[in-house]
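A quick write-up on the structure given underneath.
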Amino acid sequence: QVQLVESGGGLVQAGGSLRLSCAASGIIFKINVMGWYRQAPGKQRELVATITSTGSTNYDDSVKGRFTISRDNAKNTVYLQMNSLVPEDTAVYYCNLVAVLNHYWGQGTQVTVSS
């Protein structure tokens with residue numbers, strides 16, 4: 001079983017920055033994809049960014065150039081550096097890990113960007 005624990009959310013003014021962290025524990029396969037998704041009120045959960053265990057990244061167009069995903073494989077931790085935040089980034093951010101076709105989710109962390 002895999003557990004994911006997010007941290008780093010909060011309230012920030014537009015133009016500000018936040019850094020999210022997600023630590024994975026349990027049985028972690030070395031080959032996996034970790035990522036961040038978000039869900040705003042009344043909307044479906046959407047992909048923000050993913051990173052493979054070898055460091056390949058993928059971003060949604062809405063965050064390209066503003067967000068950076070990274071990971072520390074030794075710590076089984078993935079990060080999301082969010083810069084130039086806008087009110088539209090307000091959502092609950094969920095950490096995700098995919099390994100051996102299984103999806104695991106964290107409990108979510110709230111990010112609120114005020115205008």
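Points to keep in mind about this one:
- In the stretch 96-110, the residues that are farther than 18 Å from R71 by Cα reach residues that are in a loop (DSSP other than H, G, I, E, B) and open to solvent by 90 Å² or more (accessible area, probe 1.4 Å) with C-beta atoms within less than 8 angstrom, at least six apart or across chains, in these pairs: V100/F29.
Every residue, every condition in (1) free of Cβ contacts under 8 Å to residues at least 60 places away in the same chain; (2) farther than 23 Å from V100 by Cα; (3) of a type outside the set (A, V, I, L, M, F, W, C); (4) in a loop (DSSP other than H, G, I, E, B), yes or no:
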residue	(1), (2), (3), (4)
G16	no, yes, yes, yes
L20	no, yes, no, no
A23	yes, no, no, no
I31	no, no, no, yes
N58	yes, no, yes, no
G65	yes, yes, yes, yes
S70	yes, no, yes, no
V78	yes, no, no, no
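- Each residue in the stretch 80-115 was checked for being among the hydroxyl-bearing types (S, T, Y) and in a strand (DSSP E or B), and 6 pass.
- Residues located in the stretch 44-61, provided they are under 19 Å from G16 (Cβ atoms) and β-branched (V, I, T): V48
- Search result, residues across the stretch 89-107 that are open to solvent by less than 20 Å² (accessible area, probe 1.4 Å), more than 18 Å from N32 (Cα to Cα) and of a type outside the set (D, E): A91, Y93
- Note on the stretch 62-88: among residues that are under 19 Å from G16 (Cα atoms) and charged (D, E, K, R), the one that is least open to solvent (accessible area, probe 1.4 Å) is R66.
- In the condition set (1) modelled with pLDDT under 95; (2) open to solvent by 50 Å² or more (accessible area, probe 1.4 Å); (3) closer than 21 Å to H103 by Cα, P41 is compliant with all but (3).
The values are calculated or read from the model by the stated rules, or taken from the named source; none is laboratory data. None of these values were measured; they are calculated from a predicted model. Don't worry about glycine lacking a Cβ; one is built from the backbone with ideal geometry, like all the others, and counts go over all protein chains shown. For accessibility, only protein heavy atoms count, side chains too; no ligands or nucleic acids. Shrake-Rupley method; radii C 1.70, N 1.55, O 1.52, S 1.80 Å.
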